[in-house]
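Below: one structure, written as structure tokens.
The values are calculated or read from the model by the stated rules, or taken from the named source; none is laboratory data. Given the structure is predicted, the values throughout are model-derived calculations rather than measurements. In case anyone asks, the SASA skips ligands and DNA or RNA and just uses the protein heavy atoms, side chains included. Shrake-Rupley method; radii C 1.70, N 1.55, O 1.52, S 1.80 Å.
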Amino acid sequence: MGNQVEKLTHLSYKEVPTADPTGVDRDDGPRIGVSYIFSNDDEDMEPQPPPQGPNGGGVGLPDGGEGPSLPRPQPYDPRLHEVECSVFYRDECIYQKSFSPGSAALSTYTPENLLNKCRPGDLVEFVSQAQYPHWAVYVGNFQVVHLHRLEVSNSFLTDASQGRRGRVVNDLYRYKPLSPSAVVRNALAHVGAKERELSWRNSESFAAWCRYGKREFKIGGELRIGKQPYRLQIQLSAQRSHTLEFQSLEDLIMEKRRNDQIGRTAVLQELATHLHPEPDEGDSDAARTTPPPGRPPAPGREEEDREAVVH
């Protein structure tokens, strides 16, 4: 039938092969990790977020409106909805999202209050329950540059937020940043780029590339050969973690964003079903998993039926 590419099907964690259950990584040959071969912004097919209240929750029907009344919206709490994780390149930690006591780095703000905290060159992340996190680069004058729906756009921060709460996330990645002026230039230089002109799969990869200038954030920026050098360590509890291995940062980000979209509870349920862990308070071993080719999108997301364009 010629050189065709078949669309990949969904695989859950229970279908993922797991290495030695003791957590010992036996180097017995190359292993093939996840590989995303379709080029799309993972937010492209994302439904519009519902109207948000001041605390980041949904808004019910007004008094007197038709239909059943909705429960009172709950404030958005990163500790309830987000996955605590770290990213390693070999033995170097290059990303960390931690809810350690006293940490205020992941606190969220309304778009209007967030403007008071932004400086040109900052990375901004908009978050909401059951939505992909949306990243942008603040370029000054109340505006951001961001990749959305397969196009790099220059928008007002309040418009780009779509009502979601946000925060400055300069410290999640541990790479050395470029100067603020260089970050802004990188972002503005790509305004108007769309579809096959793009070198990034999602808003996070684009915004992080603008700030750090590393090719690893681009489509095809790394060769997928041999043993996976990247590890995504998902914190299950204070004593337990689970590690996924990847051949590229690009692929790891796709999986990390999927976890953010489905939420902490769903991720822990998937892993519990796959691992069947025995309760052991003193067990600090981290299980390792090598995802198979074709890690699927989360429900509600479709992949475009075309191959990625590598720049």
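Worth pointing out:
- Using a probe of 1.4 angstrom and keeping all protein chains present, the accessible surface of the stretch 78-274 works out to 40 square angstrom per residue.
- Rg/Rh ratio calculated on Cα atoms of the stretch 78-274 (Kirkwood radius): 0.95
- Taking every alpha-carbon pair under 8 Å whose residues sit at least 6 apart, the stretch 78-274 reaches a relative contact order of 25 percent.
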